[in-house]
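Asks: This is the structure I want to talk about, given as structure tokens.
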């Protein structure tokens, strides 16, 4: 647009403020008036307003971290019958999302909890769902209903919960300055919910303020009943037994009962303790055994070790820890500290003392008993809890549980990481950081490439281009890791991978060849093997598949002789091996290798990583390359579900695109269309430097054409071809072919000439790889001179090697269909029939089922036309009827081909 | 070393060098908190930017105690550092994306495609924001607060003591200017 500087904007801004407040109708006259007195400014205003009309730039609409791939966004992901809308919370257990039902059966929104369990296995999945359906039967007005529990197709366990809009009970009470009696009243509703659940033998195990809400209508709702147990059960057991029972427990240290912390059996009395802590905090604003600001470990130790401070003491000024907040706390309860002390002294002290007993057997045994005592307090009757219960010291308990106490300390240490609670103590954090940095400097195993890059970017806030960053990083590695060969190799490998990604195999190979020498002098077999396998990747990109195969074979051989090889090393070698097989034109061998790697990842429950996605995707790719499209589709479908784990949008788009390509190959055009639409929309906002963007556009164009949306198809092909280089030669040649086909159909000579020239130009450069496309172009254009079309087409197909099996990896079907169509058009019905029948058989082989492929439908339609031309009425009727179901499935019921088959069938008399 | 509180004061008084130092210091603080988070969460930044900012504020204010400025002033400066952090993170992350290994290769495409000639969108964004900052620093700050730090319009209106409607209008202006400047 017109250049804009600070001064010009200062003139412009007040005008923008003005025009933005105007209605659409009022803008025209306003602009006219402005044009009269300041035409240049009016032009600028118009230009700026026009930017709101174009496509919205997604990068400015959402959330930067998610957009830039720093954080994956799950919005729009499907979990069973639900679609995720937006995140509403993040906790130790996982994230919580607002979601809606996607089958239109239930209007309202639900909350979906995605559990941080990793993917669960089939056995765990069954138990999880079973257990979940038991909990779903828990029906009580004060319990937020668990609507459903499931595991997504990708293996992500989730819970569907009633969505409660409201406030946390403690915040609700504070905001309204509820007095102690009102607070106890609300708390009694919590006890009702707990009693109902206990009657159903469900223990909550994680009662805390954030789990108790007051809904908008004032109803108290207890959340997450029984979910803690569900999580423990769903947690996959590690084969090596490193996951201790205690650290696997889901609970909140500040509210956990001693027995929950020490790992002893939990019971209904465990919930009573947590309820006691909660009531204590509600009434006093303080925690019974600590300030609550400590680390989780300290909270847990205090729960076991420290006797609770008497409630009436806790609200007395000067009696408890600094800072003294008793005045403020009392004010939040519409009272003074004096008044609170008077209210709590005696009965309430005793009630809470009993609820907070260290020994579960000495607590209230039921929620009803707890509630009874509170009701008695409210109605000024004597409570059952005795004063002596408060003074009881719990030394005996601690002695008895010394072993458990130690376990707790260990558990606490691991919980700091597990619960994600930040360790606040500064010096501890600093020590940890220093240690981590030191470790990063020293240990090759933990050398982080990111660390190097961050350090470079640090230097004086200077901006570097990507290439500069890369080159400087490489220099830094050579310089700083001179004395650390292992670290240097590791970083060299990472840099080489980037060079490869930037299509610079020469630089990658150079780096790796140097590393090879270092590794060999180091004498470490694993590094030697690793470097060779990485070098293979560079060699493949330079076009030497055979050398790559040899390198991988050597590397693999070295690893085979070693014990305790890092699993990642083996996998990386095999992944490159698979690529080498693919490059060498052996897709079956590649598929086998990729499948083995995927299986290893799966066996290690390592399925959330991108390596797994990558291995599985390559498996799909190799299967497709081997014309095992049905198998490729199966793997591809799984990848679509897993794609939500991808950390950047283009990985996700690529995976879904691959599934769309596979379904396209199987004649499932409607399905392909359905999957492509959303990712085309997504891609508008995603970083478009990737070559995937034009490929996606072409694939979309191709399916739009199949769906009969020719004009849109042309639009997208043009967009794709606008970046011909990014499209890659294979996709580019196909795009030109599609464009030429459309042009021929629409009688656009100019476009046809241009695009067929494109096919020829790129096709020649690709040599044999473009034979199918060149062949198809000829089939489309063979003239029907002197009535010898049939003979010419036969010659074309012979040249392509029709008799020699299936040389074109699925493209053969296209040839047969084009041949049949052209012969039918030209009246060569007998020849057409032969090709159509072969095409139908071939399409059936390459489809999920005979009725699920639009390609089968197309072949049957040509078969019907040919039979009709040959006056074989019953044959024609049969074929036209048989075409109906596959056409409907493949293209969708509204497609013109469906109508065409029907009218053909009806036009044939008996 | 100069304390952060001093840097805030000097920076408020228009000392450019102090502003620069302050930016660097806040960037470093944010990064430390983010890196801790990264280590905890298997390499994925799961914390929202708002939380990150808040955690950082708590850490600094605890350390610097009473001398430390209020939250609103802190956020005003830290938002820009947050933009820097997220963009650097995205750059590093993209660089770290290991070689061909994680790139999802398309089915049926055995020929490596040449790198696309399309402009690098991330760098384009960086460029656009720099230019927006030159034309109207207030609008650039708004982008930092809303897009990079995740503050809602209501929160930003509170911070700036203006109406939510004004912020919404500013947001539209920022968006238009960015698009215009990059067109």
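Asks: For region A:531-613, which helices (runs of 4 or more DSSP H) that fit wholly inside it have 1 or more residues that are more than 19 Å from residue A:505 (Cβ to Cβ) and either in contact with a strand residue (DSSP E or B) (Cβ under 9 Å, 6 or more places away or on another chain) or within 14 Å of chain B (Cβ to nearest Cβ) (or both)? Write out each step before concluding.
Replies: Values: elements: A:545-560, A:567-583, A:587-603.
Fully inside region A:531-613 and qualifying: A:567-583, A:587-603.
Asks: How many residues are within 11 Å of another protein chain (Cβ to nearest Cβ), surrounded by fewer than 20 Cβ atoms within 10 Å (Cβ to Cβ) and more than 17 Å from the chain's Cα centre (by Cα) when one looks only at region B:135-179?
Replies: Residues meeting the conditions: 5.
Asks: Moving on to the next point. Being modelled with pLDDT under 90, at negative phi, in a helix (DSSP H, G or I) and at the interface with chain A (Cβ under 7 Å from one of its Cβ atoms): is that true of residue B:95 here? Full working, then the answer.
Replies: On the way: modelled with pLDDT under 90: yes; at negative phi: yes; in a helix (DSSP H, G or I): yes; at the interface with chain A (Cβ under 7 Å from one of its Cβ atoms): yes.
Considered against the rule, which asks whether it is modelled with pLDDT under 90, at negative phi, in a helix (DSSP H, G or I) and at the interface with chain A (Cβ under 7 Å from one of its Cβ atoms), residue B:95 comes out as yes.
Asks: Can you say whether residue A:7 is in a helix (DSSP H, G or I), surrounded by fewer than 13 Cβ atoms within 10 Å (Cβ to Cβ), modelled with pLDDT of 80 or more and within 12 Å of chain B (Cβ to nearest Cβ), as far as the supplied structure shows? Let's see the steps before the verdict.
Replies: Numbers: in a helix (DSSP H, G or I): yes; surrounded by fewer than 13 Cβ atoms within 10 Å (Cβ to Cβ): yes; modelled with pLDDT of 80 or more: yes; within 12 Å of chain B (Cβ to nearest Cβ): yes.
Against the criterion (in a helix (DSSP H, G or I), surrounded by fewer than 13 Cβ atoms within 10 Å (Cβ to Cβ), modelled with pLDDT of 80 or more and within 12 Å of chain B (Cβ to nearest Cβ)), residue A:7 qualifies.
Asks: Applying the selection to region A:503-513, what residues are surrounded by fewer than 16 Cβ atoms within 10 Å (Cβ to Cβ) and farther than 21 Å from residue A:578 by Cβ?
Replies: Pass one, region A:503-513, residues surrounded by fewer than 16 Cβ atoms within 10 Å (Cβ to Cβ): A:503, A:506, A:510, A:513.
Scanning region A:503-513 gives A:506, A:510, A:513.
Asks: Would you point out which residue out of A:627, A:651 is part of a loop (DSSP other than H, G, I, E, B), within 11 Å of chain B (Cβ to nearest Cβ) and modelled with pLDDT under 90? Don't jump to the end; show me each part of the working.
Replies: Numbers: A:651 fails: part of a loop (DSSP other than H, G, I, E, B).
None of the others qualify; the one that does is A:627.
Asks: Which helices (runs of 4 or more DSSP H) sit wholly inside region A:201-287 and have at least 2 residues that are at pLDDT below 90 and over 22 Å from residue A:375 (Cβ atoms)? Give the derivation first.
Replies: Numbers: elements: A:227-234, A:245-248, A:258-262, A:268-284.
Qualifying helices (runs of 4 or more DSSP H): A:227-234, A:245-248, A:258-262.
Asks: Residue A:13 passes all but one of (1) surrounded by 18 or more Cβ atoms within 10 Å (Cβ to Cβ); (2) under 20 Å from residue B:179 (Cα atoms); (3) modelled with pLDDT of 85 or more; which number fails?
Replies: (1)
Asks: Go through region A:363-383 and give me each residue that's outside any helix (DSSP H, G or I) and surrounded by fewer than 17 Cβ atoms within 10 Å (Cβ to Cβ).
Replies: A:365, A:379, A:380, A:381, A:382
Asks: Looking at A:467, A:497, A:459 in this structure, which one is at pLDDT 75 or above and either within 20 Å of residue A:533 (Cβ to Cβ) or within 14 Å of chain B (Cβ to nearest Cβ) (or both)? Let's see the steps before the verdict.
Replies: On the way: A:467 fails: at pLDDT 75 or above; A:459 fails: at pLDDT 75 or above.
On inspection, the qualifying residue turns out to be A:497.
Asks: Turning to a different aspect of this structure: Does residue B:46 qualify as being at pLDDT below 70, at the interface with chain A (Cβ under 8 Å from one of its Cβ atoms), in contact with a strand residue (DSSP E or B) (Cβ under 8 Å, 6 or more places away or on another chain) and in a loop (DSSP other than H, G, I, E, B)?
Replies: Details: at pLDDT below 70: yes; at the interface with chain A (Cβ under 8 Å from one of its Cβ atoms): yes; in contact with a strand residue (DSSP E or B) (Cβ under 8 Å, 6 or more places away or on another chain): yes; in a loop (DSSP other than H, G, I, E, B): yes.
Yes; evaluated as a whole, the condition is true for this residue.
Asks: In region A:768-800, what residues are more than 20 Å from residue A:814 (Cβ to Cβ) and assigned to a helix (DSSP H, G or I)?
Replies: Of everything in region A:768-800, those that are more than 20 Å from residue A:814 (Cβ to Cβ) and assigned to a helix (DSSP H, G or I) turn out to be A:785, A:786, A:787, A:791.
Asks: Taking the stated definitions as given, is residue A:667 within 12 Å of chain B (Cβ to nearest Cβ) and either over 30 Å from residue A:896 (Cα atoms) or out of contact with any strand residue (DSSP E or B) (no Cβ under 9 Å at 6 or more places or on another chain) (or both)?
Replies: Judged against the criteria, residue A:667 is not a match.
Asks: Here is a further query. Across region A:750-787, what is the number of residues that are at positive phi and surrounded by 18 or more Cβ atoms within 10 Å (Cβ to Cβ)?
Replies: Number of matching residues: 0.
Asks: So which of A:660, A:725, A:739 ends up being surrounded by 24 or more Cβ atoms within 10 Å (Cβ to Cβ), within 14 Å of another protein chain (Cβ to nearest Cβ), without any contact (Cβ under 8 Å) to a residue 60 or more places away in the chain and part of a helix (DSSP H, G or I)? Give the steps one after another, and end with the answer.
Replies: On the way: A:725 fails: surrounded by 24 or more Cβ atoms within 10 Å (Cβ to Cβ); A:739 fails: within 14 Å of another protein chain (Cβ to nearest Cβ).
Result: A:660 is the single residue among A:660, A:725, A:739 that is surrounded by 24 or more Cβ atoms within 10 Å (Cβ to Cβ), within 14 Å of another protein chain (Cβ to nearest Cβ), without any contact (Cβ under 8 Å) to a residue 60 or more places away in the chain and part of a helix (DSSP H, G or I).
Asks: Of A:842, A:861, A:870, which residue is more than 34 Å from the chain's Cα centre (by Cα) and surrounded by fewer than 17 Cβ atoms within 10 Å (Cβ to Cβ)?
Replies: Details: A:842 fails: surrounded by fewer than 17 Cβ atoms within 10 Å (Cβ to Cβ); A:861 fails: surrounded by fewer than 17 Cβ atoms within 10 Å (Cβ to Cβ).
Going through A:842, A:861, A:870 in turn, just one is more than 34 Å from the chain's Cα centre (by Cα) and surrounded by fewer than 17 Cβ atoms within 10 Å (Cβ to Cβ): A:870.
Asks: Counting just the residues of region A:150-163 that are buried (at least 17 other Cβ atoms within 10 Å of the Cβ) and not in a strand (DSSP E or B), which one comes out modelled with the lowest pLDDT?
Replies: At the first step, the residues of region A:150-163 found to be buried (at least 17 other Cβ atoms within 10 Å of the Cβ) are A:150-152, A:154-161, A:163.
Right, trim to not in a strand (DSSP E or B) and you get A:152, A:154-156, A:163.
Numbers: A:152: 71, A:154: 57, A:155: 61, A:156: 68, A:163: 86.
My answer is A:154.
Asks: Against the condition away from chain B (no Cβ under 14 Å) and either modelled with pLDDT of 90 or more or touching a helix residue (DSSP H, G or I) at 6+ places or on another chain (Cβ under 6 Å) (or both), how does residue A:704 come out, does it pass? I'd like the intermediate steps shown before the answer.
Replies: Working: away from chain B (no Cβ under 14 Å): yes; either modelled with pLDDT of 90 or more or touching a helix residue (DSSP H, G or I) at 6+ places or on another chain (Cβ under 6 Å) (or both): yes.
So residue A:704 passes the test.
The values are calculated or read from the model by the stated rules, or taken from the named source; none is laboratory data. Here the structure is a predicted model, which is why all the values come from computation and not from measurement. Cβ: placed from backbone, ideal geometry, glycine included. Neighbour counts: every protein chain shown.
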